[in-house]
Amino acid sequence: MDFIKRFFSSKSKSYAHLDDEPVDEHTGAMEIDELFVYHFKRNGGAFFYPDDMDDFQTGLKKLLKYLDIEAFTVLERSYFHFLSKLDIPVMDQLDKNGVLLGGCEALIADEGSIMTTETHTKAFRNIELPRRRVIIALSNQITPSKTQALIDINNKYEKPPANIQTMSIFAKPKNDLSGNKWYETYLFLIEN
């Protein structure tokens with residue numbers, strides 16, 4: 001994943017200081033976005049903060065090449081038009097060996113995890129979906145805790161969506177004796 005860090009260097013808001021030295025997130029000095037990025041990267045996730053839409057498009061195209069795939073698998077209909085305008089190849093056939101691109105419901109700061117619902121994964125459980133994921137999220141989707149994320153979901157929808165799932169391990173553990181599921185995850189965080 002060091003290649004990804006160099007591959008996606010960003011000119012705008014930088015979170016590089018979170019890599020430099022150990023951080024005590026309990027001091028209260030970290031903003032919620034920094035806390036999320038810190039935990040997400042510590043969990044093995046690759047993080048990209050694009051400057052603008054051109055930077056976002058370039059990053060997705062570089063990621064296609066890096067992952068050595070022809071197209072991203074997309075389950076969310078709203079992403080097809082958006083990505084086709086950016087000339088990003090997509091397919092709607094689920095390929096377990098492919099790379100799933102989609103959104104999320106929330107980014108959980110206190111654990112660096114990503115929450116999805118049926119909006120993003122349909123009726124598929126995480127175990128049925130590709131292990132490699134590209135998540136596109138907005139900065140206002142960062143929430144302090146899983147509890148707050150669930151409250152936000154209940155407030156956002158008239159009828160809360162089903163299939164609420166959370167991913168929190170983004171790199172294969174060295175010694176995974178517990179059988180935890182991990183997901184190679186690339187997050188594009190867009191300022192809104």
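The values are calculated or read from the model by the stated rules, or taken from the named source; none is laboratory data. All values reported here derive from a predicted model rather than from experimental measurement. Cβ atoms come from the backbone with ideal geometry, glycine included; neighbour counts cover every protein chain shown.
Residue-level check: of (1) assigned to a strand (DSSP E or B); (2) at pLDDT below 95, Leu83 misses just (1). For region 30-43, enumerate the residues that are without any contact (Cβ under 8 Å) to a residue 40 or more places away in the chain and part of a loop (DSSP other than H, G, I, E, B). Selection gives Met30, Glu31.
For region 44-93, the tally of residues that are touching a residue at least 12 places away in the same chain (Cβ under 8 Å), exposed (fewer than 13 other Cβ atoms within 10 Å of the Cβ) and farther than 15 Å from Ile190 by Cα stands at 4.
Criterion first (assigned to a helix (DSSP H, G or I), at negative phi and at pLDDT 90 or above) does Thr73 satisfy it? Taking the combined requirement at face value, the residue does not satisfy it. Being at pLDDT below 95, under 17 Å from Gly103 (Cα atoms) and either within 17 Å of the chain's Cα centre (by Cα) or polar (S, T, N, Q) (or both) is the filter here, so list the residues in region 141-163 that pass it. Asn163 - this is the single residue of region 141-163 that is at pLDDT below 95, under 17 Å from Gly103 (Cα atoms) and either within 17 Å of the chain's Cα centre (by Cα) or polar (S, T, N, Q) (or both).
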